[in-house]
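K.L.:
The structure that follows is given in the form of C-alpha cells.
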Amino acid sequence: MTILDGKNTALLIQDEIAQEVQTRIQAGKKKPHLAAILVGNDTPSQTYVNGKVEACKRVGFDSTLIHLDENISEENLLLEIQKLNENPQIDGFIVQLPLPKYINVDNVIKHIHPDKDVDGFHPENVGKMNKNQPCYISATPLGILKLLEKYEIQTSGKHCVVVGRSQIVGSPMSILMARNEKIGNCTVTLCHSKTPNLAEFTMQADILVVAIGIPNLITKDMVKEGAIVIDVGINRVEDATKKQGFRLVGDVDYTETAPKCSFITPVPGGVGPMTITALLYNTLLACKWHKD
Ligand code: GUN
C-alpha cells in the first residue's frame, strides 16, 4: 500500500510554479495575481481561503482577499465581481463557496468572466472541459489528475467509480476520467445519494473517488483488494482530545480500508493541498493565456 502524499506532491508542483514565476519576472513579464472573494464568516471557508492566500505567497504570486459581509446583497456581490472582471491587475479570481442561502450561486458564477474563472465553474469552462478544449478545470478534480500523474498511475481501461455528483468535484471528475487523455480512458460509473446498494458499485472500482461529504461512509468491505482510493471528504468530527475540539476525517474509513488498497490518499494531507496547487496552476495559466 502506497500513501498518495498530496502535501509533498503539492509542494513539489508549487516549487515548479515558483520557478516559472521567477523566470517570468526576470523576463519582465507580469506576476500572476489571484483574488478571492469570501462572503461571511463560515470557519472552514475562512481556513480554505487563507490557505489559498498563503500558497500564493509561497509561489510568489500577488493575492487579494476581499472579505464581504455575510448580509451583502447579491447585487453588491455582482458589483465586486464586475470590478475584478475589469481590473487588469487581477489574472484570475474565485468566489469561495458555499454562499449564503439567499444568494443564487449559478447567477453569481455566470457573472465571473470565463477568462478569469480559475475555479473552472463558469458554464463556458464546464462546456469546454466536456468538449476537451483548453479551459480552466475545476481545482479539486485537476489536483486529483495531477496527483495520479505524479505517482505514474495507469488509468487506461480501468473502472473508475465516482461517489458524489457535485458540480465542483463528482460531476467533472466523472467526465475527466472518461476522456481520451493520459490520465483518463476509464470506464466510469457515477454514484450518488440515490444509488441503491452503493457497495455493489464501489466493490467494482479499480479507482474509487469519493466526494460525498459523509464521514467514514466507505468501509473496508466496500472496497476491492488492490483498489486506488481517492478520498475528497474533509469532514469535521467532534474530538474532545483535540485543542480545536474536532478532527478531520475523510469519506473513507482510512484505518480499516488502507491495508486493502494499492494507493490511498490520507485526510488531511491528500487531495486538499492538491486542490490549492491546482488553483495556483490555473492562475498561472490565466496570466500566460491573457497577459503574455
Ligand atoms: N468550496 C469548496 N471547494 C471549493 C472550490 O474549489 N472553490 C470555491 N470557490 N469554493 C469551494
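The values are calculated or read from the model by the stated rules, or taken from the named source; none is laboratory data. Keep in mind it's a predicted model, so treat the numbers as computed, not measured. Here the Cβ is made from the backbone with ideal geometry for all residues, glycine too, and neighbour counts use every protein chain on show. These accessible areas exclude ligands, DNA and RNA; they are computed on the full protein's heavy atoms, side chains included. Shrake-Rupley method; radii C 1.70, N 1.55, O 1.52, S 1.80 Å.
K.L.:
Looking at the stretch 182-197, can you tell me whether even one residue there is away from the ligand (no atom under 16 Å from the Cβ), among the hydroxyl-bearing types (Ser, Thr, Tyr) and not in a loop (DSSP other than H, G, I, E, B)?
P.N.:
Within the stretch 182-197, one or more residues are away from the ligand (no atom under 16 Å from the Cβ), among the hydroxyl-bearing types (Ser, Thr, Tyr) and not in a loop (DSSP other than H, G, I, E, B).
K.L.:
Quick check on ILE212: is it under 23 Å from the mean Cα position of the chain (by Cα), surrounded by 20 or more Cβ atoms within 10 Å (Cβ to Cβ) and assigned to a loop (DSSP other than H, G, I, E, B)?
P.N.:
yes
K.L.:
Right, next: If you scan the stretch 234-284, which residues turn out to be part of a helix (DSSP H, G or I), of a type outside the set (Phe, Trp, Tyr) and within 16 Å of the ligand (Cβ to nearest atom)?
P.N.:
VAL271, GLY272, PRO273, MET274, THR275, ILE276, THR277, ALA278, LEU279, LEU280, ASN282, THR283
K.L.:
Kindly indicate whether any position in the stretch 104-116 is more than 16 Å from the ligand (Cβ to nearest atom), among the charged types (D, E, K, R) and open to solvent by less than 80 Å² (accessible area, probe 1.4 Å).
P.N.:
yes
K.L.:
Checking ASN76 against (1) away from the ligand (no atom under 16 Å from the Cβ); (2) over 29 Å from TYR151 (Cα atoms); (3) open to solvent by less than 70 Å² (accessible area, probe 1.4 Å): exactly one of these is not met. Which one?
P.N.:
(3) is the only condition that ASN76 fails.
K.L.:
Take GLY92 and tell me if it is in contact (Cβ under 8 Å) with a residue 12 or more places away in the chain, crowded, with 19+ Cβ neighbours inside 10 Å and closer than 17 Å to TYR281 by Cα.
P.N.:
yes
K.L.:
Mind listing whichever residues of the stretch 130-147 are within 14 Å of the ligand (Cβ to nearest atom) and farther than 13 Å from ILE94 by Cβ?
P.N.:
Across the stretch 130-147, the qualifying residues are ILE137, PRO141, LEU142, GLY143, ILE144.
K.L.:
Kindly check whether there is at least one residue in the stretch 225-248 that is over 22 Å from GLY272 (Cα atoms), among the polar types (S, T, N, Q) and touching a residue at least 40 places away in the same chain (Cβ under 8 Å).
P.N.:
Within the stretch 225-248 (the criterion being over 22 Å from GLY272 (Cα atoms), among the polar types (S, T, N, Q) and touching a residue at least 40 places away in the same chain (Cβ under 8 Å)), the answer is no, since none of the residues qualifies.
K.L.:
Does the stretch 277-290 contain at least one residue that is exposed (fewer than 14 other Cβ atoms within 10 Å of the Cβ), among the charged types (D, E, K, R) and without any contact (Cβ under 8 Å) to a residue 40 or more places away in the chain?
P.N.:
Within the stretch 277-290 (the criterion being exposed (fewer than 14 other Cβ atoms within 10 Å of the Cβ), among the charged types (D, E, K, R) and without any contact (Cβ under 8 Å) to a residue 40 or more places away in the chain), the answer is no, since none of the residues qualifies.
K.L.:
Next question, about the same structure. Would it be correct to say that PRO123 is open to solvent by 60 Å² or more (accessible area, probe 1.4 Å), at pLDDT 95 or above and not hydrophobic (A, V, I, L, M, F, W, C)?
P.N.:
Criteria met by PRO123.
K.L.:
Give the stretch 168-194 a look and list any residue that's open to solvent by 30 Å² or more (accessible area, probe 1.4 Å) and in contact with a helix residue (DSSP H, G or I) (Cβ under 8 Å, 6 or more places away or on another chain), or say none.
P.N.:
Once the filter is applied, which keeps residues that are open to solvent by 30 Å² or more (accessible area, probe 1.4 Å) and in contact with a helix residue (DSSP H, G or I) (Cβ under 8 Å, 6 or more places away or on another chain), the stretch 168-194 yields ILE168, ILE175, LYS182, ASN185, THR187, VAL188, THR189, LEU190, HIS192.
K.L.:
Here is a follow-up. With (1) assigned to a helix (DSSP H, G or I); (2) surrounded by fewer than 12 Cβ atoms within 10 Å (Cβ to Cβ) as the list, and ASN41 as the residue in question, which single condition is left unmet?
P.N.:
Unmet for ASN41, out of (1) assigned to a helix (DSSP H, G or I); (2) surrounded by fewer than 12 Cβ atoms within 10 Å (Cβ to Cβ): (1).
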